[in-house]
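Bear in mind these aren't lab numbers, they're just calculated from the coordinates by the rules spelled out. Please read these numbers as outputs of a predicted model, since none were measured by experiment. Here the Cβ positions follow ideal geometry from the backbone for every residue, glycine too, while neighbour counts run over all protein chains shown.
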Amino acid sequence: MPGVLAVLEQRDGVVKRVSHEALAAARALADDLGCDVHGLLIGPPNTSGDGLGEYGADKVLASRDAELELYQASRYGQIAAEQVTAGGYDAVVLAATSLGKDLGPRIAARLGCPLASDVTSLTGTDGIVVTRPVFAGKANRRMKITTTPSVISVRTNAFAPGSHARPGVFEEISAGGEMKPSDARTVAVKAPENAALDVAEAGIVVSGGRGLKEAEHFKLVEDLAQALGGAVGASRAVVDAGWRPHSEQVGQTGKTVSPNLYVALGISGAIQHLAGMRTAKVIVAVNKDPDAPIFKVADYGVVGDLFEIVPRLIEEIKRAKEG
Amino acid sequence: MKIAVCIKRVPDTETRIKISADGKSIDESGVKFVINPFDEYAVEEALKLREQADGEVVAVCLGSDASQETIRTALAMGADRGVLIKAEHVPEDPLVVARALAAELEQGGYDLILFGKLSIDNYDQAVGTMVAELLGLPSVSAITRLEVTDNRATAQREVEGGLEVIEFSLPAIVTAEKGLNEPRYPALRGIMLAKKKPLDIKDVELDAGGIEILGLSLPPDRKDGRIVGEGPEAVTALVDALRNEAKVI
């Protein structure tokens, strides 16, 4: 019986949470289609497939080899594509992480099949129909996949890991051939230059904009982020001015974030910025201009001088956390 | 060194999206179109490599006639010539786009092909990587650093919690992330020169692909918020609301 293949991501041999989300999406799709979910685990020899039945896997196929510890694009792509063909799967589901955004297109191109990226909802009751944000979230596109198989990457935080009682039967499969000298080879993963929490993964984000006036004043943003246990974000204006690294940029040419709490300090709310953060659960804005567009999307706004407001906010949050 | 840069014409980031009458696409009236911002990093990197190693930079674009303007932008930045693969509508299925581009690029004898990491309209982040797979070339996506020595190259890409370092040989494909470089602005001289640079226009037959668009909609409005107050005196009320009402801290 055909099924859904969830390609799982590991780090140091441990399956990542985003892959539990991918299994949840795969499970929901398989239930609509009336088929099984197989997890495909690609990683080093110590990669564990334990407990994946609880996340919805009927079977766990493990392709394990020392050369697969780091993400090796061509070999990962080959293993996944060959498994799809061998198993006759209807669909491939994977998390839209930096790995998934690279691997998904490779699998789709090798199979000559459609790809739907960064999907936020999917059903399989009348063919496979997905919804995905386009224009960085300024609009949502619904589309039907008209050929089989297909590759679907799912957005982080869009599918909650499930609680199932599936067998999750473990099976070792071939790890494919060795890499060719002509293949691109990942030789190392270096620690990032600043070891801060990634803005795209954080539950709380504190972002600063031009209202900070100078790069040095971002200390206020960092201090508030630290008090809240969140990550630092930045507007395009301050990234383009060289105050902050581009990895912190939130918006249409930066990252799209959906944290529980987003705090915008001195950010007016250009439309390309709003596109990147409007799906946050709670938005707080501090801005001296009461007519700033950011207040139109904010749940809570404070009008005034951020240099007076933010230090007080840091103090009160620290006190609230202690109390 | 022969380099191709694949570019796309997209609505500017300041565009406020309106849905057209068909309910499936955007209303393009009054929309300002620009070269895809990530493609500017790709063009810049190509120009830097040409300055270092000599050769030719070709800007390749799949799009309607209006995309000639986009190609002229790349030519004004410094690309040597352009190729427009003419399609009235750029398909939403990334594999269909990748196949059309691969067919053009395959014959070009390029040492390096660059793309922006994604186009800010469809947001797929797929086409460059797909072209690499279709042509059987090594590729690295979303790079923030590239070093090329003879026919060997090293690239870096940001991943969650780290920086991957990838080695590969040319010919190859890379896609550019913001941070790779600072794109130059076309100078007046460049704009004048661009008008005289060659621009080939080619026809293409696109296949049907496997994606049918059912609809395009705007995200739901956020529920109305409120101004908690003015100045530092409002902080106590704000913290109280975040703790007891929103329950996020």
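Quick notes on this one:
- If you look at the Cα atoms of segment B:118-249, you get an Rg and a Dmax of 24.2, 66 Å.
- If you take the Cα centroid of segment A:1-40 and the Cα centroid of segment B:134-171, the two points sit 29 Å apart.
- For chain A: relative contact order, % (alpha-carbon pairs under 8 angstrom, 6 or more apart): 15
- Among B:Leu163, B:Leu84, B:Leu214, the largest mean-square fluctuation in a Gaussian network model of chain B (Cα springs under 10 Å) belongs to B:Leu214.
- Kirkwood hydrodynamic radius (C-alpha pairs) into Stokes-Einstein, chain B, 37 °C and 0.692 mPa s, D in µm²/s: 164
- Choice from A:Val187, A:Val37, A:Val303 with maximal GNM fluctuation in chain A (Cα, 10 Å cutoff): A:Val187
- For the segment A:110-121, counting C-beta atoms of other chains within 10 Å of every residue's C-beta and taking the mean gives 4.
- With the gyration tensor restricted to C-alpha atoms of segment B:179-244, the semi-axes of the equivalent ellipsoid amount to 51, 29, 11 Å, longest first.
- R0 of 41 Å, Cβ-Cβ distance A:Lys16-A:Glu216: FRET efficiency to nearest 0.05: 0.65
- Annotation: aspartates and glutamates with alpha-carbon distance below 15 angstrom to B:Lys117 (same-chain offsets under eight excluded): A:Asp102, A:Asp118, B:Asp39, B:Glu40, B:Glu44, B:Glu45, B:Glu158, B:Glu177.
- Stokes-Einstein translational diffusion, segment A:103-172 - Kirkwood Rh over all Cα pairs, 1.306 mPa s, 10 °C, in µm²/s: 115
- Across the alpha-carbon atoms of the protein assembly as shown, the computed radius of gyration and Dmax are 23.7, 71 angstrom.
- Calculated FRET value between A:Thr147 and B:Glu205, using beta carbons and R₀ = 22 Å, to 0.05: 0.75
- Mean silhouette area of segment A:256-295, derived from the convex hull of its C-alpha atoms and averaged over all directions, reads 2.4 nm².
- The tail of the calculated P(r) for segment B:1-80 beyond 19 Å holds 43 percent of all Cα-Cα pairs.
- Spread over its residues, the convex hull of the C-alpha atoms of segment A:61-211 is 187 Å³ per residue.
- The three principal axes of the C-alpha atoms in segment A:171-276 carry coordinate ranges of 55, 31, 26 Å, sorted with the longest axis first.
- Remark: mean inter-chain Cβ contacts per residue of A:263-272 equal 2, using a 10 Å Cβ-Cβ cutoff to other protein chain atoms.
- Label zone at B:Val31, where the point sits 7 Å out along the Cα-to-Cβ direction: segment B:210-234 residues whose backbone N lies under 17 Å: B:213-219
- Theoretical ellipticity at 222 nm over chain A - DSSP helices of four or more residues, -39500 (n - 2.57) apiece, nearest 500: -8500 deg cm²/dmol
- With the alpha-carbon atoms of segment A:26-120 aligned to their principal axes, the span from lowest to highest coordinate is 36, 31, 26 Å, starting with the largest.
- Peptide A:291-301 is shielded by partner chain Cβ atoms: per residue, an average of 4 of them sit within 10 Å of its Cβ.
- Rounded to 5, percent antiparallel among DSSP beta bridges of chain B: 40
- Here the Gaussian network model covers chain B, with springs between Cα atoms less than 10 Å apart; of B:Ala87, B:Ala237, B:Ala126, B:Ala237 fluctuates the most.
- As a proxy for reagent exposure, ranking B:Thr144, B:Thr15 by other Cβ atoms within 10 Å from fewest up yields B:Thr144, B:Thr15.
- For chain B, the longest principal axis of the alpha carbon atoms and the long axis of helix B:94-106 meet at an angle near 20°.
- Antiparallel %, DSSP beta bridges [both residues in chain A], to 5: 20
- Computed from label points 7 Å out along Cα-Cβ, the spacing between B:Arg189 and A:Val189 is 4.7 nm.
- When you restrict to C-alpha pairs under 8 Å that are six or more residues apart and normalise by the size of segment B:1-63, the relative contact order lands at 53 percent.
- Ordering B:Val58, A:Val14, B:Val140 from the fewest to the most neighbouring beta carbons within 10 Å gives A:Val14, B:Val58, B:Val140.
- Efficiency of FRET between A:Asp126 and A:Ala320 - r from beta-carbon atoms, R0 45 angstrom, step 0.05: 0.35
- Percent antiparallel among DSSP beta bridges (both partners in the protein assembly as shown, rounded to 5): 35
- Packing order of peptides B:207-213, B:192-198, A:211-217, highest average first: B:207-213, A:211-217, B:192-198 (average count of other Cβ atoms within 10 Å over each peptide's residues).
- Computed from Cα atoms, the angle from the helix B:37-53 axis to the main principal axis of chain B rounds to 40 degrees.
- Using alpha-carbon coordinates, inclination of helix A:306-322 to the longest axis of chain A, degrees: 60
- Principal axis dimensions, chain A - Cα atoms, whole angstrom, descending: 63, 43, 42
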